Amino acid sequence: MAILLDVQNLSTCVKKDGKIFKILDNVSFTIQEGEILGLAGESGCGKSITALSIPNLLPQEVKITNGKILYKSQDLASLSEKELNAVRANEISVIFQDIRGALNPLIKVGRQITESLESGGKQNDKQTRNKALEVLKSLGFENPEKIFNAYPHQLSGGMCQRVMTAIALICKPKLLLGDEPSSSLDKESQQQCLSLLMEMNKNNKMSLLIISHDLSIIRQFCSRFLIMYAGRIMEEGPSQSLFSPRHPYTKALLNAIPDKNKRGKKLENIPGKAPSVEEKTEGCPFSPRCSKAQAVCRKDFPPAIETDNTKVFCYYPDKDF
């Protein structure tokens, strides 16, 4: 498969109280055509900023300071706003984590879903309406007409999540960036949403970046995974190796997940807390919380150790995986 997206040494910074702080630090990864890539890590580690950097939908105070974002070999960071808008309308879609903030409270849901189709000028009002109703129905809405004519405030959080998914999918994008695309849904709706994404991946060869706190979702639906911590990629590999991790951080994440096999046992927690952007230091950012950390870990960020299709950024990774 050809590479659709190639992120190279991406760094972003935020300005706070007149000072500059780094959020992402030399993040690199690829997504192939038709591939589903999962991205996981603790809250605040930079997952959402990674996704928003790709179509350059970053908050005003956050800037890309280094690296390239090559989509179909073209650097998105070099495009004008007009050129980027064309890519956003037809090629790359985003399911935002802040659903309420992403939907306009003053515009009916149907209008927000059909807007991108209408901006392309390819379909008439009847066609866009029917297409929107079809997508809403596929996302489990029993009365899509009612949802089409509703305002966001008239819908529950889970309904708004599915509406946001409809907006992202209606143009059949080549790349979908899903930031916790099923986090606020019940089990049935979650399955419907993810099944639709998988269907579009299969039928339209749509590539996906799925951000999720649920490692089981990444293992089930993604072909590869990335583990991020404090703006750095710590481990990556095929999804079948996710539950046999090499990095101490990935292992700690897995050990902290509730599981029926752990019933009656005390869950392990990761000591300390993830650093804020103001607290980042040299070396491996996980070293203050890592039982394996040595002096070298606190001095320099470790180079990648590659075995087969797995890559880990650690001086002392687990040997068995």
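The values are calculated or read from the model by the stated rules, or taken from the named source; none is laboratory data. Computed from a predicted model, the values in this text were never measured in an experiment. Please note: Cβ atoms are built from the backbone with ideal geometry, for glycine as well, and neighbour counts cover all protein chains shown.
The table below gives the values:
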| read-out | value |
| --- | --- |
| Checklist (1) assigned by TED's automatic domain parsing to the domain that holds residue 50; (2) crowded, with 17+ Cβ neighbours inside 10 Å; (3) more than 30 Å from residue 44 (Cβ to Cβ) applied to residue 86, failing item | (2) |
| Residues being charged (D, E, K, R) and over 25 Å from residue 223 (Cβ atoms) - total across segment 10-50 | 6 |
| Condition met for residue 28 (surrounded by 17 or more Cβ atoms within 10 Å (Cβ to Cβ) and either part of a loop (DSSP other than H, G, I, E, B) or not basic (Lys, Arg) (or both)) | no |
| Subset of segment 278-318 (residues that are assigned to a loop (DSSP other than H, G, I, E, B), touching a residue at least 24 places away in the same chain (Cβ under 8 Å) and either closer than 16 Å to residue 250 by Cα or in contact with a His (Cβ under 8 Å, 6 or more places away or on another chain) (or both)) | 284, 285, 286, 290, 291, 292, 314, 315, 316, 317, 318 |
| Inter-residue pairs, beta-carbon under 6 Å, first closer than 14 Å to residue 5 by Cα and in segment 70-92, second acidic (Asp, Glu) and surrounded by 13 or more Cβ atoms within 10 Å (Cβ to Cβ), 6+ apart | 70/6 |
| Which listed residue is assigned by TED's automatic domain parsing to the domain that holds residue 31, more than 30 Å from residue 278 (Cβ to Cβ), touching a residue at least 60 places away in the same chain (Cβ under 8 Å) and in a helix (DSSP H, G or I), from 217, 167 | 217 |
| Residue, surrounded by the most Cβ atoms within 10 Å (Cβ to Cβ), within segment 303-318, restricted to residues that are in contact with a Gly (Cβ under 9 Å, 6 or more places away or on another chain) and within 11 Å of residue 235 (Cβ to Cβ) | 312 |
| Top-ranked residue in segment 57-69 [being of a type in the set (A, V, I, L, M, F, W, C) and part of a strand (DSSP E or B); ranked as farthest from residue 2 (Cα to Cα)] | 62 |
